[in-house]
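In what follows, a single structure is set out as structure tokens and then discussed.
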Amino acid sequence: MILVMRHHVIEPLGVLYLLGIAKKLGWDAQVVLIKESDFTPLYDEVERFKPDIVGFSIWTGWHVQTFKACDHVREMGVPVAIGGPHATFNADACLPHADWVIKGEGFRLFRKLLEGDLGHGIHFDDERMAEGFPVPDRELLYNLYPELGRSPIKSIMCSVGCPFKCSYCYAPHYNNMYGGFELTLRPVDEVIEEGLWIRENFPCDLIYFQDDIFGFNLTWLAEFAEKWPKQVGIPWHCQIRLEMTRDERRLDLFRDGGCTGITLAIESGNDFLREFVLFRGMTDDLIEEGIRKIQDRGLTLRTEQILAVPFSDIQTDIETLKFNVKLKPSMAWTSILQPYGGTNMGTIASKFGFWRGTNDDLDESFFDRSTLQHVKGGRHSIEPVARALKSGKESSLLGMKVDLPPVGEGNAKVFPRDLVGINGNPTTPACEISYLSPEENARYCDQTAILQRNFDWLSKVPDGHELATRFVALPKEEWTWATLGKFGEVHFVEKCGFDNVLLFKAQLTEAFGGPTLPEKIAQNPYPFFVLPSGPDFARYLVEKNVLETADQKVLFDDFGKEVRYWLYGRALYKTEEAKPAIVAL
Ligand code: SF4
């Protein structure tokens, strides 16, 4: 059997568990992780290994090219099974490309498949995690992909399930498939055993618990926090929802149990977008308070946000940056929305005319330029109507009816509930929304892209949102590294004083080890003032030639990615030594 998944810096946990099942049943298994959608290594491995089955784990956005690979493998005479998120929410679309499609959690079904006890077609096991978590087989994967084995960060999953209803997430639909939320927890001793195995067999400085809501169950967490530090002792990072910070016992258990950092989503600095579009009705106060509690315990923090959502505009995106400047996370991770069909976000995006494509038109990346048709004035037309119609917890956007014009022609009419009243006459629209022209829309999409590339470092600049506002207001042709440096100069002088800026430059130059700075760093030294080990980062970029390209889009794409990875190691996970930033907020 060969298991196939996309290559990522994080090991594919689902594949590890499936390998564990295969090993237990005595199957000889191989794994092929696909890099940059090049499936040639898979076809070569099918030729060489001659598997009885090839299993693909697919998620939406990576499905179009992977379906072609499934077809190719079947043409080579090998049956194909498809699982993963895309199979769970789009099983019918997967079926033409597979012999078996496994919806939802599929460990028991996978076992049956390997035992020859599963007929062709779509399968769904309505008993969630019926046989618990399998024992993962890391050894095979780490030996095949030594870069994953060498990674100082290893991932573990302790639970499955999430009760929250973020509009862009499949979790609410997953819960509906099973008749409601249920948290499936692994026994603490099993997690300890996995941690010990990792510690004894592969290098590991940090465990990343991939659960959506790690530590949701306090009884489980108390046992874990008691045993993990004594028996395993590897520092760990986890993901939670902000609401989970309300109970401070949880945060104490995190700290006492060896947690060094937390990832949580804010998604937007605008409360209307948070509540009505993203379905994350949490107040600014809850966010600020929760983050303060985390930081008071000395834990590092990654906030996550999404730019260019329906009814956003550049002001709300800058608001999100401003909020992060205030919150001072270790890292402000930012993505750009992909409106996957099957989520409530997909429904809102389609209903209001932000998105008229299908999942086949969407990319897998969270960093690509927005593909939405955005509206004029952002949230301003819809917000009063949405707030007035709100009753209960559900966003009123879901209940509204929208009369969409043909693409590029006129306004959409928004009705509270029905297009036609009880007397058969058309009802009066509650509001109309008009769309940005193609030029205006391209402009906003470009603005969010350049903001996303610079978000992380700008969140560490004193009043960084003001610098961002000025920079994104420039014509696109002026979004250059040198211009950012000129605007940075004015901003830093205004915020820190001329003499201090000279001092910061002198510190950077001295730490760089030369009487002068390399040309590109001298042009724009400001990111290196605010990032940890900034001079080392500048040297790293120079050595890698990241700033030399004349193509400014490529430069900012690469720069944003490098900043992200720099912060992972030196601010969030702290798997690398780092010196404090020259200028700290
Ligand atoms: S908290 Fe995370 S897993 Fe849960 S619904 Fe929101 S995005 Fe999905």
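Figure legend. Inter-residue proximity from the stretch 565-585: first residues free of Cβ contacts under 8 Å to residues at least 40 places away in the same chain, second residues not in a helix (DSSP H, G or I), beta-carbon distance below 6 Å, spacing 6+ or different chains. Indicated pairs: GLY569/THR575; GLY569/GLU576; ARG570/PRO532; ARG570/SER533; ARG570/GLU576; ARG570/ALA578. Filtering the stretch 219-242 to residues that are open to solvent by 40 Å² or more (accessible area, probe 1.4 Å) and in contact (Cβ under 8 Å) with a residue 24 or more places away in the chain leaves ALA222, GLU223, GLU226, LYS227, PRO229, GLN231, GLY233, PRO235. Tell me, which residue of the stretch 251-299 that is of a type in the set (Val, Ile, Thr) and open to solvent by 10 Å² or more (accessible area, probe 1.4 Å) is nearest to the ligand (Cβ to nearest atom)? Only one residue fits best here, namely THR283. In the stretch 57-64, is there at least one residue being free of Cβ contacts under 8 Å to residues at least 12 places away in the same chain and not assigned by TED's automatic domain parsing to the domain that holds VAL188? So far as the stretch 57-64 goes, no, none of its residues is free of Cβ contacts under 8 Å to residues at least 12 places away in the same chain and not assigned by TED's automatic domain parsing to the domain that holds VAL188. Of all residue pairs spaced 6 or more apart or on separate chains, those with beta-carbon atoms under 8 Å, a first member in the stretch 169-192 that is over 18 Å from ARG280 (Cα atoms) and among the charged types (D, E, K, R) and a second member that is within 10 Å of the ligand (Cβ to nearest atom) and outside any helix (DSSP H, G or I) are GLU182/GLY161.
Could you tell me whether any residue of the stretch 59-75 is of a type in the set (Ser, Thr, Tyr), on the phi > 0 side of the Ramachandran plot and at pLDDT below 95?
Scanning the stretch 59-75, I find no residue that is of a type in the set (Ser, Thr, Tyr), on the phi > 0 side of the Ramachandran plot and at pLDDT below 95, so the answer is no.
All of (1) part of a loop (DSSP other than H, G, I, E, B); (2) closer than 24 Å to ALA87 by Cβ; (3) open to solvent by 60 Å² or more (accessible area, probe 1.4 Å) hold for GLN338 with one exception: (3).
Among the conditions (1) buried (at least 21 other Cβ atoms within 10 Å of the Cβ); (2) away from the ligand (no atom under 15 Å from the Cβ), PRO187 misses just one, which is (1).
So, HIS86, is that one open to solvent by 60 Å² or more (accessible area, probe 1.4 Å) and assigned to a helix (DSSP H, G or I) or not?
Details: open to solvent by 60 Å² or more (accessible area, probe 1.4 Å): no; assigned to a helix (DSSP H, G or I): yes.
When the stated conditions are applied, HIS86 does not pass them.
Scan the stretch 158-181 for residues that are within 23 Å of the chain's Cα centre (by Cα), more than 13 Å from the ligand (Cβ to nearest atom) and open to solvent by 30 Å² or more (accessible area, probe 1.4 Å) and report the count. Break it down stepwise before answering.
Pass one, the stretch 158-181, residues within 23 Å of the chain's Cα centre (by Cα): 158-176, 181.
Those left that are additionally more than 13 Å from the ligand (Cβ to nearest atom): 158.
If we keep only those that are open to solvent by 30 Å² or more (accessible area, probe 1.4 Å) as well, we get none.
Counting residues in the stretch 158-181 that are within 23 Å of the chain's Cα centre (by Cα), more than 13 Å from the ligand (Cβ to nearest atom) and open to solvent by 30 Å² or more (accessible area, probe 1.4 Å) gives 0.
The values are calculated or read from the model by the stated rules, or taken from the named source; none is laboratory data. Note that the coordinates shown come from a computational prediction; the quantities given were computed from them, not determined experimentally. Note that we place each Cβ from the backbone using ideal geometry, even for glycine, and neighbour counts take in every protein chain shown. These area figures cover heavy atoms from the full protein model, side chains too; ligands, DNA and RNA do not enter into them. Shrake-Rupley method; radii C 1.70, N 1.55, O 1.52, S 1.80 Å.
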